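Step one of this worksheet: look at the structure below.
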Amino acid sequence: MPPEVVANPTPARAATSPWGPALIRVAAAWAIVFAVTFAEWREMTHQWWDIDTYNHVLLVPPILGWLVWLRREELARITPAGWWPGLSWMGAGLVVVVTARTAAINLVAEGGALMMLQGAVLAVVGLRAGLVLAFPLFYSFFLVPFGDELIPALQHLTARMTVSLVEWSGVPAVVAGLTIDTPGGKFVVAEECSGVKFLIAMTALSVLVAWTAFASWKRRILLVMGAALISILANAVRAWGTIYVAQYVGAERAGGFDHIVYGWVFFAVVVTAVLGIAWRFFEREPADAGLTAAEAGAHPLARFESLGMSSDVALALIVSAVLAFAALASLS
């Protein structure tokens, strides 16, 4: 008896991930938000690229991509859905942009433009996904180039600390404001010497490490505060070192040495030292940082998931709000 011919069953069709359409909606929302806040993003990009104080921000977009990639498995366990409060956050950002443009406060307008992108994400993918992505969304604020406001205070602080170190090392000095007059030359604690670049970059790095490597809030706060204090102290030591070396080689040669060492070596040494000390106390791997999908579902804020809506409706409302803003802006 010939064997029966058994037809191969048709393989079950793999379930289609809901994240494909959701990411398309997010991309569409971002595109139209970028279009109406182009002036803010153009100014931010100029500062990232052309002002060395903010060159470190060029690393923030790939860091954000890495942070989201680490959460990909947890996100896959969540079904994205629209969320009304996300639309409200985007609307708040829109109001901030309009108000700041009117007042000509670029920094605030740039923060509002970023809020619009954050709100678009929350409006399209929902609260639970937003909780899983909480840290990347927060960390995106480092895209906004802030810190210039600290320069005057940092200049005076650096000057006072430097003078103390100069006098401690036995170098006679006459101080007048930000000017330090020594036998080896006269030095001014200029804006470039305030250490703001070092402080901002160190803060961005320490916040990233604090979140990804520590589970304890106490250790996170200690790392961020300690890194900020070390960066300020290190900048004063660098300024003192320049003045001290100038007593033997002259101010001009010492200044050239300062730019080379501080720009290429000193910052790297200090960062390595800070991370080396912190590494001994690391509590977890970066992939373990953040809420799981289950934890997000059990989070106290999860009760606000009831304020949901269709993702298509969320995208339509985003487009409508942005187009209305563009129309009003063209009339003003």
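For this structure, a couple of remarks:
- Selected residue [crowded, with 21+ Cβ neighbours inside 10 Å and either of a type in the set (D, E, K, R) or not assigned by TED's automatic domain parsing to the domain that holds His56 (or both)] from Leu223, Leu229, Leu157: Leu223
- When residues of the stretch 37-50 are limited to those that are within 11 Å of Ala113 (Cα to Cα) and not polar (S, T, N, Q), the one surrounded by the most Cβ atoms within 10 Å (Cβ to Cβ): Glu40
- Taken as a whole, the stretch 97-111 holds no residue that is touching a residue at least 60 places away in the same chain (Cβ under 8 Å), buried (at least 21 other Cβ atoms within 10 Å of the Cβ) and in contact with a strand residue (DSSP E or B) (Cβ under 7 Å, 6 or more places away or on another chain).
- Within the span defined as the stretch 13-36, every residue fails to be farther than 30 Å from Phe304 by Cα, at pLDDT 95 or above, surrounded by fewer than 19 Cβ atoms within 10 Å (Cβ to Cβ) and of a type in the set (Lys, Arg).
- Scope the stretch 161-177; condition surrounded by 14 or more Cβ atoms within 10 Å (Cβ to Cβ) and either under 31 Å from the mean Cα position of the chain (by Cα) or at positive phi (or both); matching residues: Met161, Thr162
- Only a single criterion out of (1) over 17 Å from Ala234 (Cβ atoms); (2) touching a residue at least 40 places away in the same chain (Cβ under 8 Å) is not satisfied by Gly177, namely (2).
- For Tyr139, the conditions (1) under 30 Å from Leu70 (Cα atoms); (2) surrounded by fewer than 21 Cβ atoms within 10 Å (Cβ to Cβ); (3) not assigned by TED's automatic domain parsing to the domain that holds Ala29; (4) not hydrophobic (A, V, I, L, M, F, W, C) all hold with the exception of (3).
- Residue within the stretch 322-329 that is modelled with pLDDT of 85 or more, buried (at least 16 other Cβ atoms within 10 Å of the Cβ), within 27 Å of the chain's Cα centre (by Cα) and closer than 30 Å to Gly20 by Cβ present: yes
- Failed item in (1) crowded, with 20+ Cβ neighbours inside 10 Å; (2) of a type outside the set (Ser, Thr, Tyr); (3) under 19 Å from the mean Cα position of the chain (by Cα), with Val124 passing the rest: (3)
The values are calculated or read from the model by the stated rules, or taken from the named source; none is laboratory data. The model shown is predicted, which means the values in this text are computed figures rather than measured ones. Here Cβ is always computed from backbone atoms with ideal geometry, including for glycine, and neighbour counts include all displayed protein chains.
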